[in-house]
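The values are calculated or read from the model by the stated rules, or taken from the named source; none is laboratory data. Remember, it's a predicted structure, so these values are computed and weren't measured experimentally. Don't worry about glycine lacking a Cβ; one is built from the backbone with ideal geometry, like all the others, and counts go over all protein chains shown. Heads up: the accessible areas ignore ligands, DNA and RNA and are worked out on the full protein's heavy atoms, side chains in. Shrake-Rupley method; radii C 1.70, N 1.55, O 1.52, S 1.80 Å.
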Amino acid sequence: MRERQIPWWERGVIYQIYPRSFQDSNDDGIGDLAGIEARLDYVAALGVDAIWLSPIYPSPMADFGYDVADYCDIDPIFGDLEAFDRLIAAVHARGLKLLLDFVPNHTSDRHPWFIESRSSRDNPKRDWYIWRDPAPGGGVPNNWISDFGGSSWEWDEATGQYYLHAFLKEQPDLNWRNPEVRAAMSDVLHFWLGRGVDGFRIDVLWHIVKHQAFPDNPLNPDWTPDVTERDRLLQHFSTDQPEAHEISAEMRALAEDYGERLLVGEIFLPAERHARWYGTPERPQVHLPFNFHLIESPWDAAHLRAVIEDYEASLPGFGWPNWVIGSHDAPRIAARIGEAQARVAAMLLLTLRGTPTLYEGDELGIGHVTIPPERMRDPQHFRQPSLNIGRDRSRTPMPWDASPHAGFSTCEPWLPLNDDWPTRNVAAQERDPGSMLNFYRHLLALRRAHPALSVGSFTMEKAEGDVLSYVRQHEGERLRVLLNLGPEPVQPLTRQAESVRDVLASTLQARPYDGTLLPDEGLILSLAPEA
Ligand code: NOJ
């Protein structure tokens, strides 16, 4: 039997760039494609394999690009198609891959398709979106709540119907039951694949089809008013419909025609429903249903162990895992668990079995950021200000050096920098051998040098207090990862006798292993082969 060829993403690491906040090249305080191109050597030197760019398409920016007004062009804020072609050539010249963000669930309300659709009830594009009459007694057609709070339905006075929007009212949902919509969106995928992109991260993939009868969603018995209004309901009928899986399989088939292209689907669901997005070997869906379980889990050994084991157990035999600890939507990992544990988190992320995705700035350990109220921009914050769920804190510009505006721009950036940017920046961390940046680089280099860490088998040790302990093994090489999630020194009980050859990495100062883990210490140990 021929051995299966391992695709690049199974060994690889993805790095998410939020284009508005990476590097400004034209003095407007907003990052752009030429800026990203100018910083590619940094990305390559980090040791990652692929870049995922959050949306760069023409957009009114109601949701900072996740409201697309033209799927086949570049917003002038970011550049133009020529700048894109230069960027992709420069990415490929460094042996890196480029993934774009594909936003299929909704367009901008300024997309020409929606402008036509709302122009009259008999417009040929009316059915490209989801229009409904008021409920029999008047009012919204059902109880669905937008992910940003408030009803999912917006009244359109001119044509006397409501349209559906799972997010902002400026982001009307497309009707994926309409074959013309599917064909138009396939054209979009062809457009970018033909231009050489290596795949897509697919925005809110589990949302794209709704139950045909639009029943009310059930109430969530566990909801409390201190969490987002979205969670008042269980999204039984508005998300994760069987037909969406079929569409996901069609996207996969289309991508396969271009060779080794990667589809990462954004999917927020419990493990067993999450795993269905891999499809079957005969009818595969996305390669990597994005796995947010580390972001959602309380940060202690017991919860993390359960999350990792449940996730591993839920995977179909052919399904390749993936992990993420930060994004433009989630609070910064260092803000959530502190800098010492953020190092432990980095070691966890880069030693678990599965493709890791890093989020720009986490490699510098950016933590709490103060955004004065007058500089807040995120629509999610403005929809529910009392909840303190604004995402601006995770979207602040990259601090490159200690020069004015941190080398990000020549003028005041669109969002403030991290408070400690004069010392927490790329240049300063490059000079400091003990910095978070150099720690990340070391972990990434280890992952490349030791296939056990990427494609090796994974065995979790049984429960042991604050310690997570697992072995990665590949072709005779055995590596043990020990992570102390707690504030006390511990002596891991298991495998005391196993012989440690070398300490490959530590979240603290390098030192020989003496059987003890210090508080917040994580170690990668190289073990002698089993007798
Ligand atoms: C998920 C994206 O990551 C988020 O930033 C956006 O607001 C929603 N999808 C809507 O597109």
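DSSP assigns beta bridges within the chain; of those with both partners inside it, close to 60 percent run antiparallel. Once backbone amide H atoms are built at 1.01 Å from N, Ser151 has Ser146 as its partners under 5 Å, excluding neighbours fewer than 5 places away on the same chain.
Each label was represented as a point 7 Å from its Cα along the Cα-to-Cβ direction; for Tyr42 and Glu498 these points are 3.8 nm apart.
Averaging Cα coordinates gives a centre for the stretch 239-258 and one for the stretch 398-431; these two points are 41 Å apart. I want to check the label-to-label distance for Ala253 and Ser119. Put each point 7 Å from Cα in the C-beta direction and report it in nm to one decimal. For Ala253 paired with Ser119, the spin-label model returns 3.3 nm. Projecting the Cα atoms of Ala330, Gln380, Gly317 onto the charge dipole of the chain, computed from C-beta unit charges around the Cα centre, puts Gly317 farthest toward the positive end.
Amide H contacts under 5 Å for Gly522: Asn484, Thr507, Leu508, restricted to partners 5 or more places along the chain or on a different chain, H placed in the peptide plane at 1.01 Å from N. Ordering 140-150, 374-384, 508-518 by mean Cβ neighbour count within 10 Å, with the highest value first, yields 140-150, 374-384, 508-518. The share of accessible area on the chain that comes from carbon and sulfur is 53 percent, using a 1.4 angstrom probe. Across the stretch 41-56, the residues whose backbone nitrogen lies under 11 Å from the label position 7 Å along the beta-carbon direction of Ala445 are 46-47.
With semi-axes defined as the square roots of five times the eigenvalues of the C-alpha gyration tensor, the equivalent ellipsoid of the stretch 137-282 measures 30, 19, 13 Å, largest first. If R0 equals 22 Å, the separation of the Cβ atoms of Glu296 and Glu464 corresponds to a calculated FRET efficiency of about 0.45. Each of the peptides 266-277, 209-220 was scored by the mean count of other Cβ atoms within 10 Å over its residues; in descending order, highest first, they stand as 266-277, 209-220. Taking a Cβ cut-off of under 15 Å around Ala346, the surrounding Lys, Arg, Asp and Glu residues balance to a net charge of -1, with basic ones at +1 and acidic ones at -1. Extent along the principal axes, Cα only, for the stretch 360-503: 58, 37, 30 Å, with the longest axis given first. Qualifying chymotrypsin sites (Phe, Trp or Tyr not before Pro) in the stretch 300-368, where qualification requires a DSSP coil assignment and no more than 14 other C-beta atoms within 10 Å, comprise Phe318.
Size descriptors for the chain: radius of gyration and Dmax over Cα atoms are 23.5, 78 Å.
Hydrodynamic analysis of the stretch 205-292 uses the Kirkwood radius over alpha carbon pairs. Inserted into Stokes-Einstein at 20 °C and 1.002 mPa s, it gives a translational diffusion coefficient of 150 µm²/s.
Counting Lys and Arg as +1 and Asp and Glu as -1, each charge on the Cβ, what is the dipole of the stretch 401-531 about the Cα centre in debye, to the nearest 20? That gives the stretch 401-531 a dipole magnitude of about 440 debye.
Which of Ala449, Gly486, Val467 sits closest to the plus end of the dipole of the stretch 443-489, meaning its Cα is farthest towards the positive end, when Lys and Arg get +1 and Asp and Glu get -1 on the C-beta? Of the options given, the answer is Ala449.
Per residue, the accessible area of the chain comes to 39 Å² when a 1.4 Å probe rolls over the protein heavy atoms. As a length-normalised measure over Cα pairs under 8 Å and 6 or more apart, the relative contact order of the stretch 211-275 settles at 24 percent. Here's how it looks for Arg201: its modeled amide H is under 5 Å from those of Leu100, Asp101, Phe102, Val264, which are all 5 or more places away or on a different chain.
With just the Cα atoms defining each centre, how far is the stretch 470-484 from the stretch 184-214? Give it in Å. Comparing the Cα centres of the stretch 470-484 and the stretch 184-214, I get a distance of 38 Å. For the stretch 169-204, the residues whose backbone nitrogen is under 13 Å from a point 7 Å from the Cα of Asp127, taken along Cα to Cβ, are 175-182. Label separation (His303 vs Val455): 3.5 nm, computed from points 7 Å beyond Cα along the C-beta direction.
A simple charge model with +1 on the Cβ of Lys and Arg, -1 on the Cβ of Asp and Glu and nothing else charged puts the dipole of the chain at about 960 debye relative to its Cα centre. Summary of the geometry: the stretch 93-129 and the stretch 275-317, compared by the centres of their Cα atoms, lie 30 Å apart. If you model the stretch 1-92 as an ellipsoid using its alpha carbon gyration tensor, with each semi-axis the square root of five times an eigenvalue, the axes come out at 27, 16, 12 Å, biggest first.
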